[in-house]
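Each reported figure results from applying straightforward, stated rules to the coordinates on display, with no laboratory input. This one's a predicted model, so the numbers in the text were calculated from it and none came from an experiment. Ideal geometry is used to build each Cβ from the backbone, glycine not excepted, and the neighbour counts take in all protein chains shown.
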Amino acid sequence: MWLSLLAMAVLAAGFYYRHQVQEGYRYVGKRAAPLRTIITPVPLRFKEILKNYFPYYNQLKPDHKRKFERKLVYFIFSKYFIPRNFGGVTDEMKVLIAASAVQLTFGLPRVFMAHFNRILIYPDDYYSEITRRYHRGEVNPAYRTIVLSWRSFVMGYLQPTGTTNVGLHEMAHALRLQNIIRVNEFDFFDAELLDVFDQWADRVCAQMEEGGVRFFRPYACTNHQEFFAVAVENFFERPAAFKKELPELYGVMTRLLNQDPMTITQPAAV
Ligand SMILES: [Zn+2]
């Protein structure tokens with residue numbers, strides 16, 4: 001009796017210890033992301049996925065492609081990708097979700113949205129008990145998590161000249177939040193320029209209310225955060241139309257993000 005109890009205790013302790021060790025390895029693995037990025041060659045299959053599915057990457061010059069790949073690998077190594085309601089996260093999911101973050105931050109060399117270390121993926125739009133609605137994605141700073149519906153994510157890139165892209169939208173929310181979260185990366189946006197951006201948001205939304213320019217979908221005018229996220233979608237999805245319709249606001253965005261999708265073959269100062 002005592003012996004079996006002891007054996008069970010040893011087993012339980014062993015299991016607990018193994019779990020701790022595994023957690024430790026995972027933690028160290030993520031902490032080692034900068035080093036792993038330097039010493040690990042970019043996996044060929046990652047490059048293949050980018051080549052097959054990511055037009056932004058394909059438009060870059062060879063040396064910028066290499067920069068993109070490095071940033072992508074860093075992003076993948078430093079985040080936990082967690083599947084919800086399906087078996088396992090595929091390389092395609094990791095690479096393409098990381099690619100949308102890299103697309104947005106390509107002009108901001110040291111920004112990886114470090115606060116958000118968990119990417120939660122649902123196979124399809126998911127029901128929220130809190131809002132009682134279906135969601136395509138969200139960002140939760142308290143849980144350091146970016147949530148995405150894979151189906152909606154893919155749809156955003158399948159219609160490259162559409163006006164919605166949930167990947168870019170949620171990454172934009174994370175980026176703007178990261179700018180004010182005091183970890184190693186913050187305050188990378190020029191504060192004055194961000195103010196100018198928000199003033200433009202108010203101006204454009206006032207015009208929309210009066211029945212003027214309707215370049216953005218009305219949801220953009222929910223608040224400054226949503227305006228920023230919707231503007232980011234349009235900035236990358238239809239830059240020519242954006243520049244034509246609202247050239248000053250487009251210019252502010254090129255300065256904030258330090259890149260211009262219209263001349264993507266020569267990003268400003270990457
Ligand atoms: Zn939003």
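Tabulated values for the structure
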quantity	calculated
Förster radius 25 Å - calculated FRET efficiency between ASN140 and ILE38 (Cβ-Cβ, nearest 0.05)	0.25
Principal axis dimensions, region 189-270 - Cα atoms, whole angstrom, descending	38, 27, 17
Restricting region 168-270 to trypsin sites (Lys or Arg not before Pro) in coil, as DSSP defines it, with at most 11 other Cβ within 10 Å	ARG182, ARG214
Radius 13 Å from Cβ of SER128, net charge of other residues (Lys, Arg +1; Asp, Glu -1)	+1
Share of Cα-Cα pairs in region 34-105 lying beyond 17 Å, as whole percent	40 percent
Backbone N under 18 Å from the ASP125 label point (7 Å along Cα→Cβ), restricted to region 151-166	151-159, 162-166
All-pairs Cα distance distribution in region 164-206, expressed in whole percent, bin size 10 Å	25, 42, 30, 2
Charge tally in the Cβ shell below 15 Å around ALA240, where Lys, Arg are +1 and Asp, Glu are -1, ALA240 excluded	-1
Prolate/oblate/rounded label for region 132-218 (Cα gyration tensor, a/c 1.5)	oblate
For THR145, distant residues with modelled amide H under 5 Å away	ASN140
Relative contact order %, region 189-270, counting alpha carbon pairs below 8 Å whose residues are six or more apart	25 percent
In region 166-270, GluC sites (Glu not before Pro) in a DSSP loop with at most 10 other beta-carbon atoms within 10 Å	GLU210
Segment ARG182-GLU245, extension gain: residue separation times 0.36 nm, minus the distance between their alpha carbons	19.1 nm
Two-decimal Rg/Rh across region 54-184, once Rg and the Kirkwood Rh are taken from alpha-carbon atoms	0.95
Inter-part distance where region 122-140 and region 170-210 are each reduced to a Cα centre, Å	24 Å
FRET efficiency, ASP91 to LYS61 (Cβ-Cβ, R0 22 Å, nearest 0.05)	0.30
Distant-in-sequence amide H partners of TYR80 (H built 1.01 Å from N, under 5 Å)	ARG118, ILE119
Estimated vicinal HN-Hα couplings, Hz - region 225-237 in sequence order (Karplus 6.51, -1.76, 1.60; Gly, Pro = x)	5, 5, 4, 4, 5, 5, 4, 4, 4, 5, 4, 8, 7
